[in-house]
Amino acid sequence: MAGNKMYEALNEQIKYELYSSYLYLSMSAYFSEAGLNGFANWMMVQAKEEMTHANKLYGYLISRGAPIKLLPIDGPPSAWKSPLDVLQEGLKHERFVTSRFNMLMDLADKSKDHASKIFLQWYVTEQVEEEENFTDLVNKLKFIKDDGGALFMLDKDLAARAFVDSTQAAEA
Ligand SMILES: [Fe+2]
Ligand SMILES: [Fe+2]
């Protein structure tokens, strides 16, 4: 049986996933104000995904009979220097979240909590994809630099991103 420390740390992770959602919602608003509706859509989809990450943690804790104690969520920033700055901050944040899951995995290892380890594997894999997605956009924006035409082309591409609840697909 896993100790309270594991459950407390997973409980705390709900806060980080919800903060991620809050951050990307703020980034989506930034892009809407800038008239970049494709980027705004991409960030809105990202915000929705983070909600599902939080819900998956919640569902696991409930199924383990662990106590739920929801923590306060910080307010995200609302101003950035440029689209590149936004995506770079997003990538930085995803790397932080990855470090959180590595820590959680270490904790599950240490406490020989096999169920939590198997549960956390989904997030470890998901973080590889998250970092890859943000890195891809950072690289594209670096390439685009001040080319307004290229930026609007990319914006058009990003308008096509649709929300898929991958937490449900993984369990099917
Ligand atoms: Fe997440
Ligand atoms: Fe994420």
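A few comments on the model shown:
- ³J(HN,Hα), Karplus 6.51/-1.76/1.60, whole Hz, each residue of the range 91-100, x for Gly, Pro: 5, 4, 5, 4, 5, 5, 4, 4, 5, 4
- Other residues within the sphere of radius under 13 Å centred on the Cβ of R161, judged by their own Cβ, net out at -2 (K and R +1, D and E -1).
- Coordinate range of the alpha-carbon atoms in the range 4-161 per principal axis, descending: 54, 25, 24 Å.
- Taken over the Cα atoms of the range 94-156, the convex hull encloses 69 Å³ per residue.
- On the principal axes of its alpha-carbon atoms, the range 33-73 has extents of 46, 19, 5 Å, going from largest to smallest.
- Mean residue ellipticity at 222 nm, helices only, the chain: -27000 deg cm²/dmol; runs of at least 4 DSSP H residues each add -39,500 (n - 2.57), and the sum is divided by the number of residues.
- Residue of Q46, Q13, Q121 that the Gaussian network model of the chain assigns the largest fluctuation, springs spanning Cα pairs under 10 Å: Q121
- If you plug the beta carbon distance of D147 and F96 into 1/(1 + (r/R0)^6) with R0 = 35 Å, you get a FRET efficiency near 0.70.
- Cα-based reach from K117 at 18 Å (exclusive), listing lysines while leaving out same-chain residues under 8 positions away: K5, K56
- Size of electric dipole in the chain: Cβ of Lys, Arg +1 and of Asp, Glu -1, about Cα centre, debye, nearest 20: 420 debye
- Within the range 21-125, trypsin sites (Lys or Arg not before Pro) in DSSP loop having at most 15 other beta-carbon neighbours inside 10 Å: K69, K81, K112
- Pairs from the table (K48/K145; K81/K140; K48/K112; K15/K142; K92/K140; K15/K145) lying more than 24 angstrom apart at Cα are K48/K145; K48/K112; K15/K142; K15/K145.
- Cα long-axis angle, helix 148-158 against the chain (0 to 90 degrees, to the nearest 10): 40 degrees
Laboratory data are not the source of any read-out in this text; all were calculated from the coordinates shown. If you're wondering where the values come from, they're calculated on a predicted model, not measured in any experiment. Glycine gets a Cβ as well: all are built from the backbone with ideal geometry, and neighbour counts include every protein chain shown.
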